[in-house]
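The values are calculated or read from the model by the stated rules, or taken from the named source; none is laboratory data. Just so you know, these numbers come straight off a predicted model, no measurement behind them. Backbone-built Cβ (ideal geometry, glycine too); neighbour counts: all protein chains shown.
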Amino acid sequence: MKIALIHEWFVVLAGAENVFGEISNLFPEADVFSLIEYLSTKSQSIISSHKLTTSFLQKFPNVKNFYQKLLVFMPYAIETFDLRNYNLVISDSHLVSKGVITGPDTLHISYIHSPPRYAWDLQAQYLKEANLDKGVKGVIARLIFHYLRIWDQVAGQRPDVLVANSKYIARRIQKVYRRDSHVIYPPVDVQKFNLQTVKQDFYLTASRMVPYKRIDLIVEAFCQMPNRQLVVIGDGSEMSKIKQKARNAKNIRILGYQPFEVLKSYLENARAFIFAAEEDFGILPVEAMSCGTPVIAYGRGGVTESVVADQTGVFFDYQNPKTIIDAVEYFECNRFDPYLIRQQAEKFSAERFRNQFSALVDREWEKFKRSY
């Protein structure tokens with residue numbers, strides 16, 4: 001049986017690449033297709049043993065520095081892959097991977113991280129944050145998103161089987177594509193983290209510094225809580241804005257990007273991990289719980305499926321500094337068992353993902369064979 005694995009791009013290693021890595025380990029003989037690939041040599045382990053095919057976008061000079069601006073070309077690019085000789089195609093998709101074209105004798109299973117948020121329900125928010133909500137640029141951006149929505153709705157019908165990374169995303173898939181999906185939570189390498197029962201007196205947030213992560217709200221909240229310490233780890237387009245908000249706050253330390261071992265140490269020792277984004281799933285909150293660290297999170301999105309209120313963490317209802325302050329105060333009035341928190345995190349282990357995903361592929365392949 002010939003197998004192809006489809007991934008949007010290999011530029012940095014993040015949550016989607018962790019999922020792909022686990023899938024590729026299940027199918028070491030599979031060929032890999034991606035729009036572009038620019039991983040550093042050290043990071044190429046997830047694809048080093050596979051034959052890799054990239055799209056024509058790879059030929060653009062220095063494309064790794066502006067590939068996201070090539071959005072309008074990506075639907076066409078993903079359709080150029082020739083998959084006629086493959087029996088099984090597995091895509092993991094947050095944008096266009098699900099849109100590969102396969103024939104009637106090929107089973108296509110797509111793991112959906114999310115329908116593209118900026119093209120659907122969060123379009124207005126993305127356009128405003130990118131200053132593209134007015135003028136000629138705004139018109140052009142809306143036309144591109146209109147085209148992308150039409151293509152994306154069609155592309156969502158192409159896979160034979162859809163897998164959502166959370167119940168939250170399953171609802172979005174139903175809304176956008178009008179299709180049912182299986183739910184298999186992403187893999188979290190729980191074993192990389194040590195349970196730490198004695199915590200230090202600081203709170204932690206860590207993330208890419210991009211608008212929807214709402215790190216600014218967390219920093220604003222702690223500016224109003226000068227007796228509580230906050231450590232911020234991460235880098236990105238919002239860094240200057242975050243530093244400006246915290247410029248007079250002696251209780252806030254902004255460390256920027258940190259290697260895994262440093263992040264791991266802070267996750268293990270933090271009093272609590274604070275998470276203000278509405279995420280599809282949210283890997284970092286589960287990694288924090290792997291350390292026995294409670295989570296204080298915005299109560300929407302996939303995090304509501306991993307964090308148990310008043311057992312492994314606390315939720316706040318609105319994305320504003322006041323509700324974060326209230327949640328921190330409520331958190332400090334309660335006790336949390338680090339052993340129970342670790343047990344909850346283990347429900348999302350990489351081993352669990354591999355078992356569930358391989359069982360789904362076997363089951364769907366048997367159904368597919370019986371259909372012809």
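A few comments on the model shown:
- Tally, over region 178-198, of residues that are touching a residue at least 60 places away in the same chain (Cβ under 8 Å), over 27 Å from V262 (Cβ atoms) and surrounded by fewer than 21 Cβ atoms within 10 Å (Cβ to Cβ): 2
- Of the criteria (1) among the small types (G, A, S); (2) closer than 21 Å to I233 by Cβ; (3) modelled with pLDDT of 95 or more, which one G282 fails: (3)
- Selection from region 238-277 of residues that are in a loop (DSSP other than H, G, I, E, B) and surrounded by fewer than 17 Cβ atoms within 10 Å (Cβ to Cβ): R247, N248, K250, N251, Y257, Q258, P259
- Of all residues in region 355-372, those satisfying the criterion of being in contact (Cβ under 8 Å) with a residue 40 or more places away in the chain and of a type in the set (A, V, I, L, M, F, W, C) are F357, L360, V361, W365, F368.
- Going through (1) charged (D, E, K, R); (2) not assigned by TED's automatic domain parsing to the domain that holds V19; (3) not in a loop (DSSP other than H, G, I, E, B) one by one, D235 falls short only on (3).
- Within region 36-94, tally of residues that are crowded, with 19+ Cβ neighbours inside 10 Å, among the hydroxyl-bearing types (S, T, Y), touching a Lys or Arg at 6+ places or on another chain (Cβ under 8 Å) and under 25 Å from Y118 (Cα atoms): 1
- Test result for F331, in the same structural domain as F273 (by TED's automatic domain parsing), at pLDDT 95 or above and not in a helix (DSSP H, G or I): no
- Qualifying residue in region 123-135 (condition: touching a helix residue (DSSP H, G or I) at 6+ places or on another chain (Cβ under 9 Å), part of a helix (DSSP H, G or I), in contact (Cβ under 8 Å) with a residue 60 or more places away in the chain and crowded, with 20+ Cβ neighbours inside 10 Å): no
- Being without any contact (Cβ under 8 Å) to a residue 60 or more places away in the chain and either surrounded by fewer than 14 Cβ atoms within 10 Å (Cβ to Cβ) or touching a helix residue (DSSP H, G or I) at 6+ places or on another chain (Cβ under 9 Å) (or both) is not true of V161.
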